[in-house]
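Nothing in this text is a laboratory measurement; each read-out follows from the coordinates by a stated rule. Model, not experiment: these values are computed from the prediction. Please note: Cβ atoms are built from the backbone with ideal geometry, for glycine as well, and neighbour counts cover all protein chains shown.
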Amino acid sequence: MGHECILSMAPEIQLGICLMQRISVVQLKLDDHFLRQREVGKLFADAGIICIASLISPYRRDRDACRALLPAGDFIEVFMDVSLQVCEARDPKGLYKLARAGTITGFTVIDDLYETPLSSEIVLRHEEPCISPSEMAEKVVSYLEEKGYLQA
């Protein structure tokens with residue numbers, strides 16, 4: 001028996017909100033964006049759907065606020081511990097180049113801070129040899145199985 005699951009990705013949420021409000025993505029404040037992401041995730045969780053939110057959350061206070069919305073143990077933070085050099089090399093949209101050129105400001109790690117998580121439930125490290133995305137996903141699934149989230 002499977003479990004209902006949804007992937008909530010930051011760019012899609014941003015775009016949807018901007019289309020609804022007829023504003024540009026640039027006009028969205030970062031704090032408002034994370035508030036919306038958090039509330040969308042909670043709605044799915046309240047409906048019994050596993051919500052995987054794919055986003056960069058640079059501030060501990062935002063992650064802590066998400067954790068506080070859910071019952072103890074239901075917020076699982078996955079920290080992708082990857083070097084800045086690897087992130088820049090894998091950047092398909094060229095956002096790091098734009099940030100380094102000053103075209104984009106307030107960009108996490110370039111000209112804005114990133115507060116490393118202190119107690120993530122899952123840490124996925126980029127090491128040599130590099131583990132594949134499917135191996136990383138397997139680590140997440142294994143954690144969920146061990147903790148009983150995927151039991152029928």
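Label-to-label distance for ARG100 and ALA47 is 4.1 nm, based on points extended 7 Å past Cα in the beta-carbon direction. A Förster distance of 35 Å, applied to the separation of the beta-carbon atoms of ARG36 and VAL140, puts the FRET efficiency at 0.90.
By how many nm would the segment from ASP91 to ALA68 lengthen if fully extended, with 0.36 nm per residue of separation less the alpha-carbon distance? Separation in residues times 0.36 nm, less the Cα-Cα distance, equals 5.1 nm.
For the range 84-132, the set of GluC sites (Glu not before Pro) satisfying both a DSSP loop assignment and a count of at most 16 other C-beta atoms within 10 Å is given as GLU115, GLU121, GLU127.
Our summary of shape: the Cα atoms of the range 76-152 have principal axis extents of 49, 25, 22 Å, ordered from largest down, in whole angstrom. In this rough spin-label picture, where each label sits 7 Å from Cα along the Cβ direction, the TYR149-ARG125 distance is 2.2 nm.
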